[in-house]
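These notes concern the structure reproduced below.
The values are calculated or read from the model by the stated rules, or taken from the named source; none is laboratory data. Bear in mind the structure is a predicted one, so any value in this text is a computation, not a measurement. Glycine gets a Cβ as well: all are built from the backbone with ideal geometry, and neighbour counts include every protein chain shown.
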């Protein structure tokens, strides 16, 4: 077990704690746990690169931890009317599509290098920023005037990222990478 994988595992454990705070409407605590999860996401990647501790497990575990946090956050924030339901549907649909695509390719090839694109990383950053702003609106009402714009930008980029993945998969499958 590498240190980055341990940090990622802690981030997975933070997700249900974050959700419990959200459900109990303890927004300051939820925001603190969310920030800790975000810092741990940055820390595990930095440590993996600096100390050459990249691993195949980490390549799968890190994006999975992000998806657990993001999907659960968008579901609860949508139920609590902090983010529009359409945005949650877009985010969740993209993430399910990505997980199914990776699973399909993995089952067909027995391996699949996980390398998120710049568009995907930007999308994840905007989704995290959207959650941060939605949580912070109660503490910093000035964020309220920007949230609607952020929702639309995040939604459009999430759709673009999903289409980008679909294009990649169709191209990969069309190039004969999959032998039946």
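Remarks
- Any hit, the stretch 130-145, residues being under 16 Å from the mean Cα position of the chain (by Cα), surrounded by 13 or more Cβ atoms within 10 Å (Cβ to Cβ) and within 26 Å of residue 166 (Cβ to Cβ): yes
- Checking the stated criteria, residue 156 turns out not to satisfy the condition of being farther than 22 Å from residue 4 by Cβ, modelled with pLDDT of 85 or more, crowded, with 18+ Cβ neighbours inside 10 Å and over 11 Å from the mean Cα position of the chain (by Cα).
- Within the stretch 1-23, considering residues that are farther than 16 Å from residue 131 by Cα and free of Cβ contacts under 8 Å to residues at least 12 places away in the same chain, the one surrounded by the fewest Cβ atoms within 10 Å (Cβ to Cβ): 1
- Counted residues, the stretch 35-57 - those being surrounded by fewer than 12 Cβ atoms within 10 Å (Cβ to Cβ) and under 20 Å from residue 70 (Cα atoms): 1
- Of all the listed residues (62, 44), the sole one being closer than 17 Å to residue 122 by Cα and touching a residue at least 12 places away in the same chain (Cβ under 8 Å) is 62.
- Exactly one residue among 116, 85 is out of contact with any strand residue (DSSP E or B) (no Cβ under 6 Å at 6 or more places or on another chain) and either crowded, with 19+ Cβ neighbours inside 10 Å or more than 22 Å from residue 166 (Cβ to Cβ) (or both), and that residue is 85.
- On the stretch given as the stretch 24-41, residues that are farther than 20 Å from residue 140 by Cα and free of Cβ contacts under 8 Å to residues at least 24 places away in the same chain total 1.
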